[in-house]
């Protein structure tokens, strides 16, 4: 056998084994969501799907009012993504097209510092602040504190720096103001990055757990992640894994769909930023 | 340098929303964390008593805190090492121009979309002591009955596996993006010169990927410190005993369950020192890169 064929076989073998190992938990979760309670506790465990999916998904959906939770999660994820993208485009525009205005580097540092302050280092005062604003258990508390994005600002700044100067010169000669230039030239040019950033921020917000858990306290304000935890915790005696997995699958679908839609964008968006 | 629009107020106006958010929700609360760490809340919760550094001395005299610190370091080290080394090997295979790789790529990066909490739920099922498939497989192969609800070590291994698995998609995405930057000619030239694939990987691919690797080291460390709360809360809640009580979980317990505000704030300050060190490293060694998180 030729050496290159041998190598190909090794590569495929490793990839297939890795794929099985990585995908098995998902496969098993899906299988579990189709079993009856009795089947779910059989020993040895059952690895082949059964026919009880509809029942399990219905139970999961109704037990924790999944419709409402999905609505909440979708709302906060979309609002935060859109706000983060908008604010960071505005900030990046200010940093790239207005020369060295007074305080520029101070403000740049101020936005970058976001990286240094993840929620846990300021969680108690932030919670107290929400109480002071009377925002506890509200959409405002779930969204507004997340609006600043150092990542987005850096990403768009880097992109704007690579835009040919001729474009902004032409815009100026045509008498277009800065905002006009931003909306009709820069934003359309940033589509790939906007897509990549939307995927990142939506997923980030959808998967947020600690803050929603602390800041909300009524069932109608809960988010999907907490819903799955409620399914897990609500069974006093033993976990009803079939129902819990049905809930888990429901909860992971929205970011997965967005990943599938934007995954090309993601790779290209990242590749782009490497140019400097 | 880009063309300048001359407008005296516009840049400030454009920056004001971002800066306002950062100041109100990030900078001020962080300073307050530091401030609160010097106080103790009176038993009735109505008064703050200045106690100097006693929250910090209590912290570093506490065996439970040291335990938590050591567990966090073991956990972070394992998650970072496993996640990154697996991802770099897999990504370099996925990057080969072979049939079917594009499809496989999509399947391998999708753990990125799964939250730590959901990853924890799925792995709690895998490790279920009575009927979990992993427990079953290990019992068939080695005759050992794993029970992560009884054994702290097994629980720690379980959360390490779950956390690394969840991060694999993210790491593979970044390595794939990094690999796209390596010119094909370079690897081809090395190949013509007779370098074996393994040698090419260690001598060319790995060194050229080092900015990506470094970036991922930082991001994975941050993840292991801060983002795993949901995973732990779903799987072990810090148990059994305090075998998996990582710093972030301990902070939550002391701050929001036992409501020891000053003590928890001191823990926040310690965490801040960790992040500050990481951030400085990040800017020092990888200043031209964009960070996602």
Pair list, Cβ under 9 Å, 6 or more apart: the range A:1-16 residue more than 7 Å from chain B (Cβ to nearest Cβ), other residue surrounded by 12 or more Cβ atoms within 10 Å (Cβ to Cβ) and not in a helix (DSSP H, G or I): A:12/B:98
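If the requirement is being over 15 Å from the mean Cα position of the chain (by Cα), crowded, with 17+ Cβ neighbours inside 10 Å and more than 11 Å from chain A (Cβ to nearest Cβ), which of these qualifies: B:258, B:221, B:213, B:236?
The conditions single out B:236.
Any residue at all in the range B:143-154 that is farther than 28 Å from residue A:242 by Cβ and facing chain A (nearest Cβ under 9 Å)?
no
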Top-ranked residue in the range A:174-222 [being part of a loop (DSSP other than H, G, I, E, B) and at the interface with another protein chain (Cβ under 9 Å from one of its Cβ atoms); ranked as farthest from residue A:160 (Cα to Cα)]: A:209
Single unsatisfied condition, residue B:146 versus (1) assigned to a helix (DSSP H, G or I); (2) touching a helix residue (DSSP H, G or I) at 6+ places or on another chain (Cβ under 6 Å): (1)
Residues being in contact (Cβ under 8 Å) with a residue 40 or more places away in the chain, outside any helix (DSSP H, G or I) and facing chain B (nearest Cβ under 9 Å) - total across the range A:139-163: 3
Odd one out for residue A:42 among (1) surrounded by fewer than 14 Cβ atoms within 10 Å (Cβ to Cβ); (2) in contact with a helix residue (DSSP H, G or I) (Cβ under 7 Å, 6 or more places away or on another chain): (2)
Pair list, Cβ < 7 Å and 6+ apart or interchain, from the range B:4-18 residues that are over 22 Å from residue A:84 (Cα atoms) and at the interface with chain A (Cβ under 7 Å from one of its Cβ atoms) to residues that are buried (at least 17 other Cβ atoms within 10 Å of the Cβ) and at pLDDT below 90: B:4/A:97; B:4/A:98; B:5/A:97; B:5/A:98; B:5/A:178; B:7/A:98; B:7/A:178
Residue, farthest from the chain's Cα centre (by Cα), within the range B:11-39, restricted to residues that are farther than 20 Å from residue A:121 by Cβ and surrounded by 20 or more Cβ atoms within 10 Å (Cβ to Cβ): B:11
The lone exception for residue B:96 - which of (1) buried (at least 20 other Cβ atoms within 10 Å of the Cβ); (2) not in a helix (DSSP H, G or I) it fails: (1)
Sole exception among (1) in contact with a helix residue (DSSP H, G or I) (Cβ under 7 Å, 6 or more places away or on another chain); (2) within 7 Å of chain A (Cβ to nearest Cβ); (3) assigned to a loop (DSSP other than H, G, I, E, B) for residue B:131, by number: (1)
Inter-residue pairs, beta-carbon under 6 Å, first more than 7 Å from chain B (Cβ to nearest Cβ) and in the range A:114-138, second outside any helix (DSSP H, G or I) and crowded, with 20+ Cβ neighbours inside 10 Å, 6+ apart: A:137/A:216
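Conditions tested, residue by residue: (1) buried (at least 24 other Cβ atoms within 10 Å of the Cβ); (2) within 16 Å of residue B:125 (Cα to Cα).
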residue: A:221; (1), (2): no, no
residue: A:238; (1), (2): no, yes
residue: A:244; (1), (2): yes, yes
residue: A:248; (1), (2): yes, yes
residue: A:256; (1), (2): no, no
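The values are calculated or read from the model by the stated rules, or taken from the named source; none is laboratory data. Note that this is a predicted model, so its numbers are computed, not measured. Positions of Cβ are backbone-derived with ideal geometry, glycine not excepted, and every protein chain shown enters the neighbour counts.
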